Amino acid sequence: MDNFINNTSHFQINDARQLPIIIPDKDTLDKFEELFKQAVQIKKRYSNEVKLDNIQQEIDVLVNELYRV
């Protein structure tokens, strides 16, 4: 881990260059946006943790697909 990010509280440009940044396509962004909107609406209306957990699982799947994990 020390090789990945230095162990100080400073984040250096070389640290950022090592992060796996993936820019999603429009369809993937739209899927994320829809799930985020659903999560916000559920939280505002019901504070229903079960429904939020389901959305979180969908978001996790999309992130895993995006990063091919």
Highest average packing first - 53-62, 23-32, Cβ atoms within 10 Å: 53-62, 23-32
Taking 0.36 nm per residue of sequence separation and subtracting the Cα-Cα distance, how much length would be gained by fully extending the chain between residue 44 and residue 17, in nm to one decimal? 6.0 nm
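None of the figures in this text is laboratory data; all of them are computed from the coordinates on show. Since we're looking at a predicted model, the values are computed, not measured. Neighbour counts are summed over all protein chains in view; Cβ atoms, including those assigned to glycine, are modelled from backbone coordinates with ideal geometry.
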